[in-house]
Amino acid sequence: MSVGIGAGSLNASGRESASPATAVKREVQADATKQLPDVARRILTLDQDDWGRPIALAGYLHLRQAFSEGLDGKAVVSGESLDVARFNQPGYLDEFRGWLKRKYQRFRPEVIVAFGEECLSFAAQLRSEMWPDIPIVFAAIPPGRYPELRLPANCTGVVHNDFRLSETLDIAQQLFPQTRRIAFVAGQVAREPFNQAPYKEFQTLPATWERIDLTGLPMAELKRRIALLPPDSVIYYSAVFVDGAGRIWGGPQALREIDSSASRPIFSNMETFIGQGPVGGKSLAIDRFALSVAKLTLRTMEAKSASGIPVEFHDAARPVFDDRRLRRFGVARSRLPADADIRFRVPSLWEDYRRELALASVMFGVQTATLSWLIVSLWRRHRAERTLRRANQYLKLAAESANVNVWEWDIEQNRVVASERLGLMLDVSGGQPLTIDHFTARVHAEDASLWQETVLAPPHDSRGFDVSCRFVLADGEIRWLDFRGLFEYSESAGKPTRARGIVADVTRRARAESELAARREDAAQFTRASTLGEMAATIAHELGQPLTAIRNFAEAAKLLLAGPAPQLEKALNAVAHIQDDGQRAADILVKIRGLFQRRRLEIEELPAREFLLGVGQLMRAAADHQRTRLAFNSSPSLSVIRADRTCLQQAITNLLRNAIDASQSLPTAQRVVLLEAEPDGLGGARILVHDRGPGIPQADAARIFIPFFTTKPMGLGLGLPLVRSIAEAHGGRIRANHRPEGGTTFTLEIPAPPL
């Protein structure tokens, strides 16, 4: 009897019996494996530490990089963590070794790299059971333990110098000569092997040090004791993984808590702790450590044996310091050891103004020597500080006056740093971290897609953003916020990792522009209606008399020809009068046309870019009112346009208005109208207006420039005919073309005027 599991089943003995389909699949995979040669250079690393600790993880990553570079990208590094500090129950290592034997049965490494004494013993036993002929390279074994080791055959390694508490305390006294007390901070030492060696050395310090034991305390009590340390004290932080209250901490997390209460400098032997609060200390250089292990391992792989390769001894320690903490406690860089690694360096005045100060020293140092140089330096510094203070005051005043907020978004960590006023607007309290989700939750539903496409998921080639969206505040008020800024890209990831810019509250401007656009539309409608009314009244008044005369002469001619004796001469005379009055009516129409044209064309040279930007600015309010974005592109080779300013402006305005109206059926994010200008190669210009609207039906394409023909429900059909009239008056033309990607392109051609 068997129970089906997936594609196979379990037989009575508990083993899996494959179905025919599974067996065929395995045979195909086996054949494929045989056909593809394995070019990988396999390395197995064993670490007795927990990879969750930053130092262990950093060392592993440096090691992988060194192997990849040394083997031309063919290295396959398999890492295993024994984590013996947490998993030390009887039989654990035997079970773990059995699991590794099954895991690596088909993947034979070229070498085993063992970190730690327990890992070395474990690796030797694993090798004897699986691959007796492969070499072992060891590391991370203290120098004091190395003489007592009994190395297995075919084994070599790297012994790095030990890192003693006394070396870091010597540095502390060098930087702070008044120091007499040392406060040792750690968790429950008995449960934390990492802290046992430095704690043992702490207990045996000479009598010149007054020891303050702060191990095994609850975090609250530890912070209180640290805050009360006397001025001649320094703090040595080993690590706090479990405090006296039983709470579990990460090393950096506990360090940041302690630093928040410390008024005295903190020192540490861990390089990964630098930047979290310590001033510095003599610590292991992870990159040096990993590089020395990788070089010896590659040398062993090249020789295919560790026999004959002697154990190497390296100094992987270096003093590392946080420049920000040095400045906080007033420590000059000149007091640091010569080989110090200074991180988070804050540029000094000399670094910022190196060229100016050097030039001043050369010019005035010959005559006034050191005194003149000092005077100039102090004067320059005073002027720079005064200018900086004044600039900061101006910037603060300008930001408050313009209602502008500064913000920065760490995309990978989803953390936003912004002005306090912006956080209050989004109803985020002062102690609560601000994220991009707080902004997204307040975006108006109609602007959600625009916010998503512009800020949250921008195109892969987008370098910046400029978007105005409505935000619904906690009290229901709707405010317009204008976000402008730039994306910062990571070279390796190829995607934005940070965004920074400004946020301006443009609610008042948006409301004013919306109201102004509505009033302009009403005024334009009234003007069109008034113009048509005036034209109709003028035509009716002026044509009344000649039309009446034409009718009377026509009736007279009819009577003269209808009598028993037709009077042909008089009838011909009446027809002549009809002809004269018809010409008179035509002359009246020409007069009216000239009246409404008001003037002749006045050709002038218009700066192309400034003129077109001005036209776009006129249409900005109308575009914003209908949630449409205007884009502009002017060819650098087009410097001037020779045309009548008013007529050309009216023509482009009509084309932009039609394009904005055609975009209203699209989603908000796709409402884009592009205004382009380019030379025609003969001294003239071509002006193009692109939209993404539904386009012009084929049946209507030939009629759109006919007066009073329109496809808009409320249109009059006079806009495009007017554009055509303006183009023809300049000797050019207007044409419309369907875009393959959707929408319409109107091309207005303005040739160069004749000489």
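Bear in mind that the values in this text are calculations on the coordinates, not laboratory data. Everything quoted here is computed from the prediction, not taken from an experiment. Ideal geometry is used to build each Cβ from the backbone, glycine not excepted, and the neighbour counts take in all protein chains shown.
Miscellaneous remarks
- Near Gly244, the amide H atoms lying under 5 Å from its own belong to Leu217, Met219; only residues 5 or more places off or on other chains count, and H is placed 1.01 Å from N.
- Residue ranges 722-734, 450-462 sort as 722-734, 450-462 when ordered by packing (mean number of other C-beta atoms within 10 Å per residue, highest first).
- Residues Arg390 and Gln174, FRET efficiency given R0 of 45 Å [Cβ-Cβ distance, rounded to 0.05]: 0.65
- Label reach from Thr745 (point 7 Å along Cα→C-beta): in the stretch 668-683, amide nitrogens under 11 Å belong to 676.
- R0 of 30 Å, Cβ-Cβ distance Leu228-Arg345: FRET efficiency to nearest 0.05: 0.40
- Computed from the C-beta positions of Leu456 and Asp72, the FRET efficiency with R₀ = 30 Å rounds to 0.15.
- Distance between modelled label sites at Thr646 and Leu561, nm, 7 Å Cα→Cβ extension: 4.7
- The simple spin-label model puts a point 7 Å past each Cα toward its Cβ; for Glu312 and Phe87 those points are separated by 3.1 nm.
- Using only alpha-carbon positions in the stretch 129-259, the gyration tensor eigenvalues give semi-axes of 35, 20, 11 Å once each is multiplied by 5 and square-rooted (largest first).
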